[in-house]
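Visitor: Sending over a structure as structure tokens; questions will come in a sec.
Read-outs throughout are calculated quantities, based only on the coordinates presented, and are distinct from any laboratory measurement. Because the structure is predicted, anything quoted here is derived from the model rather than measured. Counting neighbours? That spans all protein chains shown, and the Cβs are built from the backbone with ideal geometry, glycine included.
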Amino acid sequence: MKYLLVIIPLMALASCSETERGAAIGGASGAIIGGVATGDVTGAAVGGAVGAAAGALIGSANEPGRCYYRDRYGRRIVDDCPSDYRWHHRRY
């Protein structure tokens with residue numbers, strides 16, 4: 001039974017992209033560290049938010065040149081990014 005508590009979350013993370021996996025691991029780690037360091041729920045919430053943001057940034061750096069799209073049915077499509085795409089490029 002103890003092994004199921006470890007295997008099921010790992011199986012769920014296996015289907016995630018590097019960015020999603022980084023955000024999940026960073027958020028969980030940040031929540032644990034924040035909760036232990038402060039001893040209250042607010043510290044855990046702040047630690048989780050900071051950890052998720054940092055994990056997403058680190059995860060996205062591990063998959064350069066890959067873009068994720070959603071079609072009209074909600075399916076995720078992974079493809080190479082367009083040649084003129086830059087992650088910091090914004091159109092206002």
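Visitor: Show me, for region 43-52, the HN-Hα J-couplings you get by feeding each phi into the Karplus relation (A = 6.51, B = -1.76, C = 1.60, θ = phi - 60°), rounded to Hz, glycine and proline as x.
Guide: x, 5, 5, 5, x, x, 5, 5, x, 5
Visitor: Then there is this: Quick one: which of 67-73, 37-43 comes out on top by average Cβ neighbours within 10 Å, and what's the full order, highest first? Mind showing how you got there, number by number?
Guide: Values: 67-73: 8.9, 37-43: 12.0.
Highest-to-lowest ranking by the protection proxy: 37-43, 67-73.
Visitor: Sticking with this structure for a sec: Could you give the size of the charge dipole of region 17-80 about its Cα centre, using +1 on the Cβ of each K and R and -1 on the Cβ of each D and E, expressed in debye and rounded to the nearest 20?
Guide: Numbers: 6 positive and 7 negative charges, 41 e Å.
About 200 debye.
Visitor: Among 45-52, 75-82, how do they line up from the highest to the lowest mean number of other beta-carbon atoms within 10 Å? Write down the numbers at each step before the final one.
Guide: On the way: 45-52: 18.4, 75-82: 9.8.
Put in order of decreasing packing, that is 45-52, 75-82.
Visitor: Right, another one. I want to check the label-to-label distance for Ser29 and Arg66. Put each point 7 Å from Cα in the C-beta direction and report it in nm to one decimal.
Guide: It is 1.9 nm.
Visitor: Now, a different point. Compute the FRET efficiency between Met11 and Ser83 as 1/(1 + (r/R0)^6), taking r as their Cβ-Cβ distance and R0 = 25 Å, and round to the nearest 0.05. List each step's numbers first, then the result.
Guide: On the way: r = 36 Å, r/R0 = 1.43.
Efficiency for this residue pair is about 0.10.
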